[in-house]
1. Out of the helices (runs of 4 or more DSSP H) lying entirely within region 99-159, which hold 2 or more residues that are open to solvent by less than 20 Å² (accessible area, probe 1.4 Å) and touching an Asp or Glu at 6+ places or on another chain (Cβ under 6 Å)?
2. Quick one: count up the residues across region 170-179 that are part of a helix (DSSP H, G or I) and farther than 15 Å from Pro153 by Cβ.
3. If you check Thr220 against the conditions, is it closer than 23 Å to His92 by Cα, hydroxyl-bearing (Ser, Thr, Tyr) and open to solvent by 50 Å² or more (accessible area, probe 1.4 Å)?
4. Is it true that some residue in region 201-208 is on the phi < 0 side of the Ramachandran plot, at pLDDT 95 or above and open to solvent by 10 Å² or more (accessible area, probe 1.4 Å)?
5. For Gly172, only one of the following conditions fails: (1) of a type outside the set (Ser, Thr, Tyr); (2) open to solvent by 70 Å² or more (accessible area, probe 1.4 Å); (3) in contact (Cβ under 8 Å) with a residue 12 or more places away in the chain. What is its number?
6. Closer than 17 Å to Pro214 by Cα, surrounded by 19 or more Cβ atoms within 10 Å (Cβ to Cβ), touching a residue at least 24 places away in the same chain (Cβ under 8 Å) and not hydrophobic (A, V, I, L, M, F, W, C): is that true of Gly196 in this structure?
Amino acid sequence: MAVQKQRTLGIIGGMSWESTQSYYRLINEGIKAKLGNLHSADLLIHSVDFAPIGELQAQGQWEELGDVMVNSGKRLQAAGAQGLLIATNTMHKVAEQVQAATNLPLIHIADATADAIKQQGLTKIALLGTQFTMTEDFYKQRLIDASLQVLIPDTDARAEVHRIIYDELCQGQLLASSRQYYTQVINELAAQGAEGVILGCTEIGLLISQADSPIPVFDTTAIHAAAAVQFLLGNENFS
């Protein structure tokens, strides 16, 4: 029997490495489930140093951050990547720059997530993530363009959700008190009419599972990884 040939996918990771290792596991599990036997994913990973990136994010230095991501994308392209995946929600703020610089297909995390939500027939969705992801158009607008209504926490809750991501989750700390806080925020958004909740930071899925939410949970890491499997197998075209 002929072995199915995979595309080669380049992953820009390390933001944080805790979630990048989840991507690696999920994508390989997905390929194993599809192809069986000893199959694993054809991947190239460039794992960046997150500390200077986090500082540039806090300073609003997005042009410089775009340069960092473009450099990573070009390095992966030179190594043979046929498509790209940015293993973080927030850095999709510069996704278009990366795609334009490499001219490679890029699997956009917000588009994959919108597709998953629409497949369940939902239209009103809560969004948790970094301040950038929750408030800026680079992410929310893609959901809105997919005919979804997006709810986000109030100002104080957004600040605490953001703090927990950077101060705890990105540093490998999974605290019961923070899980309880996120669950409280999700319940409040559900009371406002949210039919589901996007875990719109790739670390949140390390803390929150479906058991913690009264409404369907959309884990962007798992959704993005599943889209990566489809790309590797040549089952989908991404732009």
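The values are calculated or read from the model by the stated rules, or taken from the named source; none is laboratory data. All values reported here derive from a predicted model rather than from experimental measurement. Using ideal geometry, Cβ is built from the backbone for each residue, glycine included, and neighbour counts are taken over all protein chains shown. Quick note on the areas: whole protein, heavy atoms, side chains included, nothing else; ligands and nucleic acids left out. Shrake-Rupley method; radii C 1.70, N 1.55, O 1.52, S 1.80 Å.
1. Filter on region 99-159 gives an empty set.
2. The number of residues fulfilling the criteria is 5.
3. Numbers: closer than 23 Å to His92 by Cα: yes; hydroxyl-bearing (Ser, Thr, Tyr): yes; open to solvent by 50 Å² or more (accessible area, probe 1.4 Å): no.
So Thr220 does not fit the description; no.
4. no
5. (2)
6. Values: closer than 17 Å to Pro214 by Cα: yes; surrounded by 19 or more Cβ atoms within 10 Å (Cβ to Cβ): yes; touching a residue at least 24 places away in the same chain (Cβ under 8 Å): yes; not hydrophobic (A, V, I, L, M, F, W, C): yes.
When the stated conditions are applied, Gly196 passes them.
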